[in-house]
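Presented below is the structure to which this report refers.
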């Protein structure tokens, strides 16, 4: 069944008129007809069944029926990643949503090549991924910021696993095994890695934990996906704190 994220409140026997893009998608791309069923979620009210009530040029009207899944807490897992080339950063955003990230935060480092980030495009990629993977929330898209400024305002109660390509980091499984359940963040550097100044800064921070994903140097997007996959596989949702409402 097709799933759509909508901003509207969802309740039994309510009605919604979808926006232009979603109306076009259902009517012209998927060619759904009046009476056909879809699923809706908004990140607050769980998942609901609905059906197309009216298909018109002015928009598709939806009738909401009943809740199929209640809203449940999701892990409070952040991904901080240095911006990389368009197709690669799009992949990172998509997979971050699939792997349970609650916030995607682009951070500029000394070796970051890209100077701009299209946050609207990344947010749209995460919405599509959330619709496909059946999660009930959409990751927050944070405004890009310089790494030093991000670290200066960091919540020390959120451990920050940073991928240290110098080889000094401990295995990620070891780092995770020593942590109590709670919120978590993963930091991935740019294609050229962190410079010595940034690595020294991170080493001085009590909440920053250098980790390694093995002996090979990975592409930035591969490293991000691999790290999130390991976190999900080793600790899953049970050890990660619930996402703030």
Can you give me the P(r) profile for the chain? Cα pairs, bins 5 angstrom wide beginning at 0, each as a whole percent. 1, 6, 13, 16, 16, 14, 10, 8, 7, 5, 3, 1, 0
So how far apart, in nm, are the two label points at residue 143 and residue 24 if each is 7 Å from Cα heading toward Cβ? 2.9 nm
Normalised by the residues of segment 3-69, what does the relative contact order come to in percent, with Cα pairs under 8 Å and at least six apart? 40 percent
With Cα springs under 10 Å, the Gaussian network model of the chain assigns the largest mean-square fluctuation among 101, 113, 186 to 113
Per DSSP H run of at least 4 residues, take -39500 (n - 2.57); add these up for the chain, divide by its residues and hand me the 222 nm value, nearest 500 deg cm²/dmol. -8000 deg cm²/dmol
Just 27, 93, 130 to compare: in a GNM of the chain, with alpha carbon springs under 10 Å, which one fluctuates most? 27
What is the spread of the Cα atoms of segment 84-219 along each of their three principal axes, largest first, in whole Å? 38, 35, 32
Normalised convex hull volume, segment 90-143, alpha-carbon set, Å³ per residue: 73 Å³
Measuring from label point to label point, each 7 Å out along Cα→Cβ, what is the residue 204 to residue 119 span in nm? 2.8 nm
Dividing the Cα radius of gyration by the Kirkwood radius, what Rg/Rh value follows for segment 34-121? 1.14
What ranking of 204, 121 emerges when the number of other C-beta atoms within 10 Å of each C-beta is taken as an exposure proxy, fewest first? 204, 121
Full extension from residue 157 to residue 110: what is 0.36 nm times the residue separation minus their Cα-Cα distance, to one decimal in nm? 14.3 nm
The residues 212, 229, 11, 115, sorted from fewest to most surrounding Cβ atoms within 10 Å, come out as 115, 11, 229, 212
Where does each of 48, 105 land when they are ranked from fewest to most other beta-carbon atoms within 10 angstrom? 105, 48
Relative contact order computed over the chain (Cα-Cα under 8 Å; 6+ residues apart), in percent: 20 percent
Space enclosed by the convex hull of the alpha-carbon atoms of segment 3-69, per residue, Å³: 71 Å³
Take the alpha carbon atoms of segment 3-80, find their center, do the same for segment 133-148, and report the distance between the two centers in whole angstrom. 21 Å
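Just so you know, all these numbers are worked out from the coordinates, no wet-lab data involved. Remember, predicted model here, so these are calculated numbers, not experimental data. Here Cβ is always computed from backbone atoms with ideal geometry, including for glycine, and neighbour counts include all displayed protein chains.
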